[in-house]
1. Could you please find all residues in the range 12-56 being outside any strand (DSSP E or B) and either basic (K, R) or under 25 Å from the mean Cα position of the chain (by Cα) (or both)?
2. Do we find that S76 is at pLDDT below 90, assigned to a helix (DSSP H, G or I) and not hydrophobic (A, V, I, L, M, F, W, C) in this structure?
3. Please specify each residue of the range 115-138 satisfying the condition of being within 14 Å of M91 (Cα to Cα) and out of contact with any helix residue (DSSP H, G or I) (no Cβ under 7 Å at 6 or more places or on another chain).
4. Go through (1) modelled with pLDDT under 90; (2) loosely packed, with under 11 Cβ neighbours inside 10 Å; (3) assigned by TED's automatic domain parsing to the domain that holds H144 one by one and return the number of the condition V52 breaks.
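The values are calculated or read from the model by the stated rules, or taken from the named source; none is laboratory data. Treat the numbers as computed from the prediction; the structure is a model and nothing was measured. Cβ placement follows ideal geometry from the backbone for every residue including glycine, while neighbour counts extend to all protein chains displayed.
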Amino acid sequence: MGDLRDAAQSIECSLMILRKDKDGWVFGFRVHPDEAPRSLLDASLGTRFRIVFFEIADDESFVVPEEVRKGKIAVSTAGEMCRQDSFQDWMLSKGGIAWDIDTDKESVTAELLREYLDIGSRSELLEDEAAREKFRSLIMEYRHETRDKG
């Protein structure tokens with residue numbers, strides 16, 4: 001595929017047009033003349049490009065999309081919860097599993113969580129909104145059932 005750094009072109013633009021046609025979405029961007037790469041201007045209509053977007057905040061920093069933020073929080077929370085003794089015990093109980101002293105409770109808890117969420121890896125919570133919602137409900141159930149057992 002070649003060196004992506006050599007192939008990459010970066011321009012700043014503003015979204016001006018957004019519409020749907022029979023084949024998909026059509027995006028229209030305004031680009032300052034000094035920013036427009038010559039290779040783009042010379043390209044034939046229908047030329048394929050891979051575009052990577054970064055929203056730019058007023059302070060010139062990149063904006064992390066809300067869905068990405070939610071996904072990262074879910075992955076982090078899932079890891080933290082699987083390391084907590086009380087969550088481990090609750091998940092083992094919920095799964096009807098008696099803990100064996102020779103078994104790593106964190107690993108078993110992580111496996112039970114993946115099975116419950118129907119995912120192969122907790123990292124799938126980054127993009128799987130349905131699994132994130134199911135995980136959120138599970139955490140609410142756990143907190144509700146264990147809140148008075150301090």
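1. Hits for the range 12-56 are E12, K22, R38, R48, F49, R50, I51, V52, F53, F54.
2. No, not satisfied.
3. E115, S137
4. Checking V52 against (1) modelled with pLDDT under 90; (2) loosely packed, with under 11 Cβ neighbours inside 10 Å; (3) assigned by TED's automatic domain parsing to the domain that holds H144, the one that fails is (3).
Quick grid of which residues meet (1) surrounded by 14 or more Cβ atoms within 10 Å (Cβ to Cβ); (2) within 30 Å of S10 (Cα to Cα); (3) in contact with a Cys (Cβ under 9 Å, 6 or more places away or on another chain):
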{"position": "A57", "(1), (2), (3)": "no, yes, no"}
{"position": "P65", "(1), (2), (3)": "no, yes, no"}
{"position": "A78", "(1), (2), (3)": "yes, no, no"}
{"position": "R83", "(1), (2), (3)": "no, no, no"}
{"position": "I97", "(1), (2), (3)": "yes, no, no"}
{"position": "S107", "(1), (2), (3)": "no, no, yes"}
{"position": "R122", "(1), (2), (3)": "yes, no, yes"}
{"position": "I139", "(1), (2), (3)": "yes, no, no"}
